[in-house]
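What follows is a short report on a single structure.
The values are calculated or read from the model by the stated rules, or taken from the named source; none is laboratory data. Fair warning: this is a prediction, and the values are worked out from it, not measured in the lab. Backbone-built Cβ (ideal geometry, glycine too); neighbour counts: all protein chains shown.
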Amino acid sequence: MTGGKKGGGVNQATVKLLLLIAILAVFILLFKFSPLSQYSSKENLLAFFGRVKEEWWGPLIFILIYGIGCVFAVPGSVLTLTGGAIFGVWFGTLYNLIGANIGASLAFLMARFLGRDFIERLVKGRKLASFDEKIKESGFKTIFRLRLIPLVPFNGLNFGAGFSSVRFGDYLLASLVGMIPACFIYTYFADALLRGVTGASQKAFLNLGIAGVLLMTLSFLPSILKKLSHRGVLLRESDGSS
């Protein structure tokens with residue numbers, strides 16, 4: 001009886017994972033090989049949102065498309081640049097941030113409910129189990145640091161975090177805070193390019209490079225502070241013993 005339940009459980013976890021893969025594959029294939037693909041180009045996105053941005057529902061449509069699009073096929077960078085070019089720096093940053101977090105949360109929840117059981121059974125009793133537990137305990141710090149590194153794939157992190165044991169609350173807060181700097185920089189970059197102000201694009205490229213270095217440096221700040229704090233404790237203990 002116990003073996004049957006266990007087998008059924010494993011089978012159910014596998015079916016859920018296959019369902020997740022099937023959903024993603026269907027949407028991506030439909031997007032790539034259907035008329036929808038032509039609407040995802042930068043030019044068409046700019047044209048569409050340029051027409052509707054003055055409507056009260058324009059930002060809502062943008063946020064909705066951003067949230068759903070970045071889960072399945074549309075690159076987040078394209079949508080972020082579109083938001084900056086159409087809505088400007090401040091509103092563009094706000095709408096991009098809301099849309100990106102909606103998309104990140106949707107991807108996380110899909111992976112958590114349809115793929116986590118399979119991953120949990122896969123790592124159970126192995127060395128990866130302890131690694132998975134450590135990620136759970138340091139969930140906020142881990143996600144926050146990865147969000148600050150521009151080279152980490154946006155969608156890959158969303159689904160990967162859902163597969164892991166990271167708590168949703170830690171993931172949500174770390175994503176929200178960690179996305180702010182890069183989201184602002186990319187939005188500013190797009191707005192500057194669209195305005196075509198003399199030297200604006202060069203300044204945007206320079207700021208983008210500087211911001212990338214600062215973001216990666218900032219991502220290691222918690223570890224640096226922890227080491228400095230630990231070293232300070234050791235020095236105080238050493239002085240006390242002497």
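Every residue in the stretch 72-122 that is among the polar types (S, T, N, Q), crowded, with 24+ Cβ neighbours inside 10 Å and within 17 Å of ASN158 (Cα to Cα), please.
So the first thing to find is which residues in the stretch 72-122 are among the polar types (S, T, N, Q), and the list is 77, 80, 82, 93, 96, 101, 105.
Adding the requirement that they be crowded, with 24+ Cβ neighbours inside 10 Å leaves 80, 82, 96.
Answer for the stretch 72-122, where residues must be among the polar types (S, T, N, Q), crowded, with 24+ Cβ neighbours inside 10 Å and within 17 Å of ASN158 (Cα to Cα): THR80, ASN96.
Annotation: of all residues in the stretch 1-60 being within 19 Å of THR80 (Cβ to Cβ) and among the aliphatic types (A, V, I, L, M), the one that is modelled with the highest pLDDT is LEU60.
Criterion first (under 20 Å from ILE98 (Cβ atoms) and among the aliphatic types (A, V, I, L, M)) does LEU151 satisfy it? So that I can check it myself, show each step before the final result.
Working: under 20 Å from ILE98 (Cβ atoms): no; among the aliphatic types (A, V, I, L, M): yes.
No: the conditions fail for LEU151.
Annotation note: of GLY160, GLY84, the sole residue that is under 24 Å from GLY67 (Cβ atoms), among the small types (Gly, Ala, Ser) and in contact (Cβ under 8 Å) with a residue 60 or more places away in the chain is GLY84.
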